[in-house]
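Okay, so here's the structure we're looking at.
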Amino acid sequence: MVKSFLIGTRNASPHLHEGIEVLRKGGSIMDAVETAVRGIEESTESGNVGVGGAPTILGDVELDASIMEGATLRTGAVASVSKYVHVISIARKVMEETPHVLLVGDGAHRFARAMGFEEWDLSTERTRMIGEAIAKDIAEDLPDDFRGKDYYVQAIKSQKLHEWYKRLSNEQYGTTNVIGMDSDGNIVVGVSTSGMSWKYPGRVGDSPIIGAGNYCDNRYGGVACTGKGELSIRLLTARMTIKYLEEGMSLEAAITKSFNEIHNLKETGTMQCIAVDKDGNTISASSARESTHWYMDVDMDEPEERPGIWVKDE
Amino acid sequence: MVKPFIIGTRNARDMIHLGAKVLREGGSAMDAVEAAVNAVEDNPLDSGVGVGGTPNLLGVTQLDASIMDGGTRRSGAVAGLENVAHAISVARKVLELTPHDLLVGPGAEMFARAVGIEKSDLSTERTRKIAAAMRAGSPEGIMDDEKERERFLRMWLEEGRGEWYKKITQEEWGTVNIMAMDANGDMCVGVSTSGLGYKLPGRVGDSPYIGAGNYCDNRFGSAACTGKGELAIRLSSARMIVSYLENGLTLKGVVRKALKDVHSLQDGTISCLVFDGEGNTMSGSMTGESIHYYMDVDSEGPEERKGVWVKP
């Protein structure tokens, strides 16, 4: 029998113990994943998740998140949320309280208010500085209302935004992934992010897209991705990895196949993922560098770093 | 070589000839799909797509759409888009002009304006009546006061109106699926919808969700879904259909397997439309006889083709 455990990306490692504490007190694996992710969302350290996340091209922080339950294949997600910090919890409410899977933008705000969530200022000194810097970099002769929508529209029309964007966006992302498994084999995957830095307003990456950045099924395993979400959206990387497990591949073989498909797209940008199989084996992978993930079970005092695999372009 | 062709769901029957014309003139599959979908979006009598689409719980029509290119597997999508009829064209611009796949809400609308797509009024006599009825059915003033609207939502969610909501949304959907293959063997899938009727504001279904409601890969085939999108999202149905084609299953086998997976969730139904690399077409339904419409470059009119009814 597997001991209940959590794994997470680097930015999740300082918060895994918060989720483990929930398990020790008898909470569910979903409670544990949610709690760990909330810890990251509230921290200003990560720079790509929750408060202080990377802003859009207009300088606003817009968050995406999803949560999935492997026992029932139930899931909830939100995207483009700019007024609330705990998007993982709003995503869970979407799953539990509505007949829907994904709520976006203003509709997600209304829903969060109706569910009693408190508004939160997601900006920090850093995000404000980035906002200013973007504006300066795009246009030397800034109009006074450069943050206005009309300016954005004009900048796209004049192609300035595209040129500028191409220079910047290859490595501008960071997401938190937390996967939990309890001693009964129940798997939950949580993903939360502010998305690609300096994204277009309203851009949604793979984090809230079930099958792209998040998927689990108790019968096979669980997968969560970070990186250039546009790539995993086009391939359904998380869903396909689970299908490869279903077809009988090992965790490493399944991930390797998925990442080779990413390379085959021949696009700029990279992907990372963390994953578990139904037996509780864990792995992480990167298409661009050495990979590690952090593991903590209910009997451990602190998380342990585990090596993953680097799937190179062949 | 396969003759260039276009297929669509029932609500596309009278529109796919516009796409067939594009193909006859040597246009790409994507041009053909966009032309036919635009015509469905413009039709005010179609209550599930574009102008006249059934509004959300607050009386506002919000559109979702996606388009995918099977050669590059690049895709573009928009969700929660208001005040723009040709959602599929905005999705195509996302594919062509941005490094992204999906834009939502006001960001999507701003982007549409930036690329020169005009504002349009999506309401019709019917949708205005629905919005008025929803106002009348709610406590006085609650729908008109911005702050009170949250109370309205909470009421729906918490005070038993959720049950009523479940009932009305059982069959309140209608999405258009149109897909084509051109003379180069390039495939394209287009999906456009106003989503589930009376949905929560901001709800996104499977239509703009690549892999759920839309997928294609020139090497294997194309798939699109309609119905309760939440189910296709939970299973990545369109992506699975194309991967089952890759595994070598027959078209009928693929549709059966994908829809049986949906039956196993026991939470509602979807329909799907599929073709393979040889130009064979198929459709599937979980609730009744399934049909789809086909036209190739030599057809004079749409041909009705039978699909499969996949029972539990």
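Projecting the Cα atoms of A:Thr176, A:Met300, A:Ile262 onto the charge dipole of chain A (Cβ charges, centred on the Cα centre) puts A:Ile262 farthest toward the positive pole. Could you let me know the centre-to-centre spacing of the range A:34-104 and the range B:12-36, using Cα atoms, in angstrom? Distance between centres, Cα-based: 39 Å. In plain terms, the residue of A:Ile179, B:Ile241, A:Ile309, B:Ile233 with the fewest other Cβ atoms within 10 Å comes first and the most crowded comes last, giving A:Ile309, B:Ile233, A:Ile179, B:Ile241.
By its C-alpha gyration tensor, with a ≥ b ≥ c as the square roots of the eigenvalues, how is the range B:180-249 shaped: rounded for a/c under 1.5, else prolate for a/b larger than b/c, else oblate? Taking the square roots of the gyration eigenvalues as a ≥ b ≥ c, the range B:180-249 is oblate.
This ranking places A:Thr256, B:Thr281 by how few other beta-carbon atoms lie within 10 Å of each, fewest first, which gives A:Thr256, B:Thr281.
Taking only the C-alpha atoms of the protein assembly as shown, the Rg (one decimal) and the largest Cα-Cα distance, Dmax (whole number), read 22.9, 73 Å. Remark: the B:Leu45-B:Asp14 segment gains 9.9 nm on full extension, using 0.36 nm per residue and subtracting the alpha carbon distance. Taking label positions 7 Å along the Cα-Cβ direction at both A:Met129 and A:Met249, the computed distance is 4.3 nm, reported to one decimal. Any aspartates and glutamates with Cα under 17 Å of the A:Lys3 Cα? List them, leaving off those in the same chain fewer than 8 positions away. Cross-link targets: A:Glu18, A:Glu21, A:Asp31, A:Asp182, A:Asp184, A:Asp277, A:Asp279, A:Asp297, A:Asp299, A:Asp301, A:Glu302, A:Glu304. Taken along its principal axes, the alpha carbon cloud of the range A:194-314 reaches lengths of 44, 33, 27 Å, longest axis first.
When chain A is treated as a Gaussian network with alpha carbon springs shorter than 10 Å, the biggest mean-square fluctuation among A:Gly248, A:Gly76, A:Gly174 belongs to A:Gly248.
Going by neighbour counts of Cβ atoms within 10 Å, the residues A:Glu18, B:Glu41 line up, fewest first, as A:Glu18, B:Glu41.
Here the Kirkwood formula, the inverse mean of 1/r across different C-alpha pairs, assigns the range A:1-122 a hydrodynamic radius of 14.8 Å. A Cβ-based charge dipole, computed about the Cα centre of chain B with Lys and Arg at +1 and Asp and Glu at -1, lands at about 740 debye.
Put a plus charge on the Cβ of each Lys and Arg, a minus charge on the Cβ of each Asp and Glu, and nothing anywhere else: the dipole of chain A about its Cα centre is then about 800 debye. In the protein assembly as shown, a dipole from Cβ-located charges (positive for Lys and Arg, negative for Asp and Glu) runs towards its positive end, and of A:Val188, A:Ala238, B:Ala36 it is B:Ala36 whose Cα lies farthest in that direction. Placing R0 at 60 angstrom, the Cβ-Cβ distance between A:Lys157 and B:Lys252 gives a FRET efficiency of 0.80 after rounding to 0.05.
Scalar couplings 3J(HN,Hα) for the range A:62-76, obtained by applying the Karplus form with A = 6.51, B = -1.76, C = 1.60 to θ = phi - 60°, are 10, 9, 10, 7, 8, 9, 9, 10, x, 6, 10, 6, 7, 7, x Hz; x denotes Gly and Pro. Taking 0.36 nm per residue of sequence separation and removing the Cα-Cα distance, the A:His263/A:Asp137 pair yields an extension gain of 42.2 nm. With both bridge residues required to lie in the protein assembly as shown, what share of the DSSP beta bridges run antiparallel, to the nearest 5%? Antiparallel bridges make up about 90 percent of those DSSP assigns within the protein assembly as shown. What you get for the range B:200-312, charging only the Cβ of Lys and Arg (+1) and of Asp and Glu (-1), is a dipole of about 580 debye around the Cα centre. Multiplying the residue separation of B:Val60 and B:Asp298 by 0.36 nm and subtracting their alpha-carbon distance yields 81.6 nm. Rank A:Val51, A:Val33, A:Gly105 by how far each Cα sits towards the positive end of the charge dipole of the range A:8-146 (+1 on Lys, Arg Cβ; -1 on Asp, Glu Cβ) and give me just the farthest. Toward the positive end, the furthest listed residue is A:Val33.
Across chain A, Cα-Cα pairs more than 28 Å apart make up 36 percent of the total. Taking a ≥ b ≥ c as the square roots of the eigenvalues of the Cα gyration tensor of chain B, is the shape rounded (a/c under 1.5), prolate (a/b larger than b/c) or oblate? In terms of gyration-tensor shape, prolate. Model label sites at A:Glu42 and A:Lys312, defined 7 Å from Cα along the beta-carbon direction, differ in position by 4.4 nm.
Residues whose amide H falls under 5 Å from that of B:Arg74, counting only those 5 or more places apart or on a different chain, are B:Asp69, with hydrogens built in the peptide plane. When the alpha carbon gyration tensor of the range A:36-95 is reduced to an equivalent ellipsoid, the three semi-axes, largest first, read 22, 13, 8 Å.
Within a straight-line Cα-Cα reach of under 18 Å, B:Lys129 can be paired with the following lysines, leaving aside sequence neighbours fewer than 8 residues apart in one chain: B:Lys199. Computed from the alpha carbon atoms alone, the convex hull of the range B:1-140 holds 119 Å³ per residue. Relative to the globular-protein estimate of 2.2 N^0.38 Å, the Cα radius of gyration of the range A:157-214 stands at 1.55. Between B:Arg305 and A:Ala71, the modelled labels are 4.3 nm apart [label points 7 Å from Cα along Cα→Cβ]. Among A:Lys83/A:Lys166; B:Lys260/B:Lys306; A:Lys93/A:Lys278; A:Lys199/A:Lys228, which pairs are too far apart, with a Cα-Cα distance over 21 Å? In this structure, A:Lys83/A:Lys166; A:Lys93/A:Lys278 lie more than 21 Å apart at Cα.
Any read-out appearing in this document is the output of simple, stated calculations on the displayed coordinates, not a laboratory observation. Keep in mind that what you see is a predicted model, and the values were worked out from it rather than measured. Quick reminder, even Gly has a Cβ in these numbers, built from the backbone with ideal geometry, and neighbours come from all protein chains shown.
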